[in-house]
Amino acid sequence: MCAGARWFAIAGLLVATAGARGGERSDAELAYFVRHDCGSCHGMRLTGGLGPALTPEALADKPVGWVRTVILHGVPGTAMPGWRGVMTEDEAGRMAVQLKEQIHENR
Amino acid sequence: MRIVEAMVAVAMTAGLSAALACEQIAPRGTGDLGVVVERAAGRLQLVDTSARTALAAIDGLGDLSHASVVFSRDGRFGYVFGRDGGLSKVDLLCRTVAKRVVQAGNSIGGAISQDGKLVAVANYTPGGVKVFDADTLELRADIAAWYGEGRRAKVVGLEDVAGSRFVFSLFEAGEIWMVDLASGVPVVTRFPGVGREPYDALVTPDGRYYLAGLFGEDGLALLDLWHPERGVRRVLPGYGRGEDRLPVYKMPHLEGWALAGRFAYLPAIGRHEVLVVDIDTWQEAARIPVAGQPVFVMARPDGRQVWVNFAPPDNALVQVVDTETRTLVSTLEPGRVVLHLEFTARGEAVWISARDDDRVIVYDTATLLPLATLQADKPSGIFFASRAFRIGL
């Protein structure tokens with residue numbers, strides 16, 4: 001019964017989430033995600049925390065493709081997880097561009 | 001009294017929060033007050049846990065992502081540890097920022113000494129601990145977390161323990177340090193090699209044990225503060241041996257020591273489980289399957305229930321475990337992105353922040369039904385002044 005209740009709760013969430021964003025996160029939703037969820041470890045202003053700073057200056061010598069790969073696959077041996085379970089490759093690519101260009105500001 | 005509260009309501013409506021002069025606020029105690037961190041706004045909401053209302057907003061506190069608060073022993077002041085290295089002393093009675101210093105580049109939390117005279121802050125950048133006079137916020141000690149060849153570790157899990165002592169962990173170094181400030185000069189005892197990447201820690205309610213969770217490997221590191229000479233021992237080594245760990249989208253927290261009888265409830269890293277540890281033997285007693293990866297595992301003060309919130313993507317849920325049967329009794333949906341839970345001192349209610357719904361929901365812990373909802377801007381941590389009277393929070 002517990003397992004059943006849990007499944008329904010999770011299924012409800014998935015439906016609600018998919019309905020809210022039509023399957024793919026908008027740029028604004030990605031920017032919010034960066035600030036608030038990446039911010040858990042990297043700081044809400046992305047100036048660093050347990051994880052390193054992700055400001056455009058900090059990422060200056062990192063190509064967009066590298067950033068995208070790290071978002072999707074994480075950094076083995078560190079606390080950085082791969083996020084491919086919760087976002088698409090396209091979303092990770094757009095997020096990498098946002099980080100490089102600081103589009104997350106003021107969201 | 002009514003007039004004052006009406007004035008506060010008017011002031012808040014007009015966006016002029018905290019505009020009252022201190023003399024205009026009716027005398028009251030702080031025992032049932034608390035603060036809700038509005039992290040994006042850099043602001044605290046002062047809340048009354050009896051009336052279940054917000055009394056005032058206190059702003060100008062800098063970057064409050066991951067902010068936490070400890071309280072002076074008279075319950076009047078809250079010390080707010082901001083991400084940007086800000087240490088702010090907030091007056092809960094006058095609803096003002098009494099003092100503020102920016103003491104580092106990047107911080108993670110702090111603690112107040114047993115006698116209430118010293119406030120310590122854990123810093124990531126530069127890695128170490130700074131200790132301040134609780135009254136004046138003047139620097140009293142600066143302890144750099146050196147390790148290896150000239151490197152400084154990020155400090156996590158800073159806790160106050162008996163005496164003028166603080167204990168903390170060094171993330172990259174895998175060490176636990178205890179600093180004694182009784183003489184006025186910091187005396188550091190190092191415990192190296194405690195395990196890979198301690199990420200947070202807690203102290204048992206009696207102040208005896210310091211327990212650091214390890215991120216870099218399965219297990220915890222335990223220091224018996226009655227017998228520090230015996231060193232640090234490993235608890236639950238390899239609890240997930242042979243199992244693949246899930247990606248950890250949010251670090252768990254150990255601050256809320258969930259103790260029910262002789263059993264402690266702890267978040268498992270990278271697993272949809274709460275670990276149950278028998279603290280008489282420090283052996284694993286059980287594992288409870290839950291909806292996601294636990295972040296906070298918090299016991300109701302009487303120990304009968306444990307409330308759990310989760311990392312993404314399960315962070316809209318809160319589950320309640322009955323500790324007598326170790327079974328789930330309820331799955332609640334307080335709102336989107338639950339970040340924190342705080343019980344009132346006697347446990348009749350729990351306040352839960354739901355970041356993406358911009359609200360705090362207060363639940364009755366007996367009926368599990370909502371009692372009140374407060375609007376808050378991206379609420380994260382909730383801290384009640386009753387923490388003043390407990391060690392290691």
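The values are calculated or read from the model by the stated rules, or taken from the named source; none is laboratory data. All of these numbers come straight from a predicted model, not from anything done at the bench. Glycine also receives a Cβ, built like all others from the backbone with ideal geometry; neighbour counts cover every protein chain displayed.
Could you list all residues from the range A:36-76 that are of a type in the set (D, E, K, R) and closer than 15 Å to residue B:84 by Cα? Give the derivation first.
Going residue by residue through the range A:36-76, those that are of a type in the set (D, E, K, R) are A:37, A:45, A:57, A:61-62, A:68.
Passing the criteria: only A:45.
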Would you please list the contacts, defined by Cβ atoms under 8 Å and residues six or more apart or on different chains, that run from a residue in the range B:140-154 that is in contact (Cβ under 8 Å) with a residue 24 or more places away in the chain and on the phi < 0 side of the Ramachandran plot to a residue that is surrounded by fewer than 14 Cβ atoms within 10 Å (Cβ to Cβ) and assigned to a loop (DSSP other than H, G, I, E, B)? B:140/B:184; B:141/B:185
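Being more than 17 Å from residue B:343 (Cβ to Cβ) and in contact with a Lys or Arg (Cβ under 8 Å, 6 or more places away or on another chain) is the requirement here; does residue B:285 meet it?
On the way: more than 17 Å from residue B:343 (Cβ to Cβ): yes; in contact with a Lys or Arg (Cβ under 8 Å, 6 or more places away or on another chain): no.
No, not satisfied.
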Residue B:308 is checked against (1) away from chain A (no Cβ under 14 Å); (2) part of a strand (DSSP E or B) and fails just one. What number does that condition carry? (1)
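Yes or no, residue by residue, for (1) under 27 Å from residue A:76 (Cα atoms); (2) modelled with pLDDT of 95 or more; (3) out of contact with any helix residue (DSSP H, G or I) (no Cβ under 9 Å at 6 or more places or on another chain); (4) of a type in the set (Gly, Ala, Ser):
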| position | (1), (2), (3), (4) |
| --- | --- |
| B:240 | yes, no, yes, yes |
| B:247 | yes, no, yes, no |
| B:252 | yes, no, yes, no |
| B:260 | no, no, yes, yes |
| B:268 | yes, no, yes, yes |
| B:279 | no, no, yes, no |
| B:284 | no, no, yes, no |
| B:292 | yes, yes, no, yes |
| B:303 | no, no, yes, yes |
Is it true that residue A:45 is under 10 Å from the mean Cα position of the chain (by Cα) and in a loop (DSSP other than H, G, I, E, B)? no
Tell me, which residue of the range B:314-358 that is of a type in the set (Lys, Arg) and on the phi < 0 side of the Ramachandran plot is nearest to the other protein chains (Cβ to nearest Cβ)? B:355
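Here is a check on your reading of the model: is residue B:149 away from chain A (no Cβ under 14 Å) and at pLDDT below 95?
yes
Does the range B:248-268 hold any residues that are charged (D, E, K, R) and either outside any loop (DSSP other than H, G, I, E, B) or touching a residue at least 60 places away in the same chain (Cβ under 8 Å) (or both), and which are they?
Of the residues in the range B:248-268, the ones charged (D, E, K, R) are B:250, B:255, B:262.
Of everything in the range B:248-268, those that are charged (D, E, K, R) and either outside any loop (DSSP other than H, G, I, E, B) or touching a residue at least 60 places away in the same chain (Cβ under 8 Å) (or both) turn out to be B:250, B:255.
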Tell me, please, whether a residue that is within 14 Å of chain A (Cβ to nearest Cβ), at pLDDT 95 or above and part of a strand (DSSP E or B) can be found in the range B:364-371. no
Here is a list: B:360, B:306, B:295, B:318. Which entry is crowded, with 23+ Cβ neighbours inside 10 Å and in contact (Cβ under 8 Å) with a residue 60 or more places away in the chain? B:360
Sole residue being among the acidic types (Asp, Glu) and touching a strand residue (DSSP E or B) at 6+ places or on another chain (Cβ under 8 Å), chosen from B:175, B:149: B:175
Would you check if residue B:285 is part of a helix (DSSP H, G or I), farther than 25 Å from residue A:40 by Cα and away from chain A (no Cβ under 12 Å)? no
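Quick one: in the range B:321-357, which of the residues that are among the polar types (S, T, N, Q) and touching a residue at least 40 places away in the same chain (Cβ under 8 Å) is surrounded by the most Cβ atoms within 10 Å (Cβ to Cβ)?
In the first step, residues of the range B:321-357 are kept if they are among the polar types (S, T, N, Q); the result is B:323, B:325, B:327, B:330-331, B:344, B:353.
Okay, now just the ones that are also touching a residue at least 40 places away in the same chain (Cβ under 8 Å), so B:323, B:331, B:344, B:353.
Values: B:323: 21, B:331: 18, B:344: 20, B:353: 29.
For the range B:321-357, the residue satisfying everything is B:353.
If you take just the strands (runs of 3 or more DSSP E) that sit entirely in the range B:27-66, which of them hold at least 1 residues that are more than 14 Å from chain A (Cβ to nearest Cβ) and under 18 Å from the mean Cα position of the chain (by Cα)?
Numbers: elements: B:33-38, B:43-48, B:53-59.
Counting at least 1 such residues, we get B:33-38, B:43-48.
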Name the single residue, out of those in the range B:213-265 being in contact with a Gly (Cβ under 7 Å, 6 or more places away or on another chain) and β-branched (Val, Ile, Thr), that is nearest to residue B:304 (Cα to Cα). B:235
Failed item in (1) at pLDDT 95 or above; (2) at negative phi; (3) not hydroxyl-bearing (Ser, Thr, Tyr), with residue B:116 passing the rest: (2)
Only one of (1) assigned to a loop (DSSP other than H, G, I, E, B); (2) without any contact (Cβ under 8 Å) to a residue 24 or more places away in the chain fails for residue B:75. Which number is that? (2)
Please enumerate the residues belonging to the range A:30-45 that are in contact with a helix residue (DSSP H, G or I) (Cβ under 7 Å, 6 or more places away or on another chain) and either surrounded by fewer than 20 Cβ atoms within 10 Å (Cβ to Cβ) or more than 10 Å from chain B (Cβ to nearest Cβ) (or both). A:30, A:31, A:34
Which of the residues spanning the range A:70-107 are assigned to a helix (DSSP H, G or I), more than 24 Å from residue B:197 (Cα to Cα) and of a type in the set (Val, Ile, Thr)? A:97
Could you list, in sequence order, the residues of the range B:80-94 that are crowded, with 23+ Cβ neighbours inside 10 Å and touching a residue at least 60 places away in the same chain (Cβ under 8 Å)? B:92
